[in-house]
Structure formats: structure tokens, C-alpha cells
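One structure below.
The values are calculated or read from the model by the stated rules, or taken from the named source; none is laboratory data. Here the structure is a predicted model, which means the values were calculated and not measured. Please note: Cβ atoms are built from the backbone with ideal geometry, for glycine as well, and neighbour counts cover all protein chains shown.
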Amino acid sequence: MTADLSPHDTRLAADTLDAATSIFARHGPHGLGMASLTREITERTGIGIVEFRRDFPTRLDLMYAVVLRSTRELVARQISDFSSPESPVDRLSQLVRRHIDHCWKHRTEEELRRALLPTLRAIHPVRYRELSDQLRLYREHIREIIGDGVGQGHFRVAGPGMAAGTVLETLESILNWYDPEGGLSLPELGDVYVDLIIHHQLRCPRR
């Protein structure tokens, strides 16, 4: 999305999305009118109003850009271990912990993605496919790790593809209930989900 931008423009684009994310976190996706949203972002970043409205003519355009950046970051980070020499069990355990860290840090974007996908599916199929393709890459990466684990005798599931879908659904459920004030830290949450996914869903024997 920013491949052809100068370093200055790339930073300005990042600053714009950072500011938008912060505002959405405070006010929700519809808490401010577009005029107020535009004014606050342009005052924070120094981008011109005309330039901002050219790049993001609607609230949907801005929300989509915020969500797409976060989703791409998650998927790129997770699939970067493709040639890792570690065992499938260790790779999937690390993936679970990275997913939790990313989704908590980017919980605003994750909540926006969930809200945005049905709308995009109905009115903007191209953008819907772009986000869906990212999630499909992620699921395929998980499927390959599980497949390697099945082949090496670590995981005891019949279908890596179906198991990958279950794992991704489980990871997506975290934001539905997690509250750090409930006494469970993020590392402890990682322990819970690693145990659930590795040993219960994928039936990996405990060491």
C-alpha cells in the first residue's frame, strides 16, 4: 500500500493510521463525526485536510486502511518462521503466543476487523477478498505446521485443514472474554491457550 511512497509520505501515512487507531480506541468507530475525526487527525499529524480527504474520503476507507495494516502485520510476522528448524510443536506454541501479543496490542484493529468484514462482504467485495486472502494465508500457514506435526507423530488429528480452522477460531475468540484485570497475565493467557490448542485440540502427548 505504501511501496511507492517516499520515506516522508510513508511515515505520514503511518502517523495517520496510528492517530485514527487511537481515536477509534477512545471513541469507537462511530463516536466522532467525519468532520471531527478529520480535524483531530490532521491536527495531530500535520497532514493537510485536502490530502487526508483525498486518501480517506469516507470513514469506511479509513477503517479499512487501519484494519488492513494490522492484519498484514500479523500475517507477515506469523509466516516469517516458515523455514524455522524448530519442531512443529514449538512453532505452533510460539505462533499462539505471538497471536495473543499482537491481538492484545492491536485489539482496536481486531475489533474493527470483525465489525468491518460483514460490511465489506456486502458492499465492497474487492476489499473483502483482500482481507480474506490475508486470513487464508494465515490459516494455510497453520495448516502446514499442523501437517508437519502430524507427519512427525506429534499431533493426532485426521485433517490438518479442519484442525487449522479450529485453531484459528480458538485464537479469534480470545478478545471475546479476556480482561487483564481478571488476574490472568498475557504470558499466563499464552500458557492456557498453548495447552488448549497443543494438547487438547491437537492431542499432542505431554512431554
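Points to keep in mind about this one:
- In region 99-133, the qualifying residues are those that are of a type in the set (Lys, Arg) and crowded, with 16+ Cβ neighbours inside 10 Å, and the one that is farthest from residue 150 (Cα to Cα) is 127.
- Residue pairs whose Cβ atoms lie under 6 Å apart, sitting 6 or more positions apart in sequence or on different chains, and linking a residue in region 172-198 that is surrounded by 14 or more Cβ atoms within 10 Å (Cβ to Cβ) to a partner that is outside any helix (DSSP H, G or I) and not β-branched (Val, Ile, Thr), are 198/204.
Residues are listed down the side, and each one gets a yes or a no for (1) closer than 23 Å to residue 197 by Cβ; (2) at pLDDT below 95; (3) polar (S, T, N, Q):
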{"position": "62", "(1), (2), (3)": "no, no, no"}
{"position": "77", "(1), (2), (3)": "yes, yes, no"}
{"position": "97", "(1), (2), (3)": "yes, no, no"}
{"position": "100", "(1), (2), (3)": "yes, no, no"}
{"position": "115", "(1), (2), (3)": "no, yes, no"}
{"position": "129", "(1), (2), (3)": "no, no, no"}
{"position": "132", "(1), (2), (3)": "yes, no, yes"}
{"position": "148", "(1), (2), (3)": "yes, no, no"}
{"position": "151", "(1), (2), (3)": "yes, no, no"}
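- Residue list for region 80-131, restricted to those being hydroxyl-bearing (Ser, Thr, Tyr) and free of Cβ contacts under 8 Å to residues at least 24 places away in the same chain: 80, 83, 84, 128
- Matching helices (runs of 4 or more DSSP H) fully within region 88-158 where at least 3 residues are of a type in the set (Ser, Thr, Tyr) and not assigned by TED's automatic domain parsing to the domain that holds residue 29: 125-151
- Within region 160-177, the presence of a residue that is outside any helix (DSSP H, G or I), touching a helix residue (DSSP H, G or I) at 6+ places or on another chain (Cβ under 8 Å) and either at pLDDT 95 or above or aliphatic (A, V, I, L, M) (or both) is excluded.
- When 134, 152 are checked against the criterion of being out of contact with any helix residue (DSSP H, G or I) (no Cβ under 6 Å at 6 or more places or on another chain) and either touching a residue at least 40 places away in the same chain (Cβ under 8 Å) or more than 24 Å from residue 98 (Cα to Cα) (or both), 152 stands alone in meeting it.
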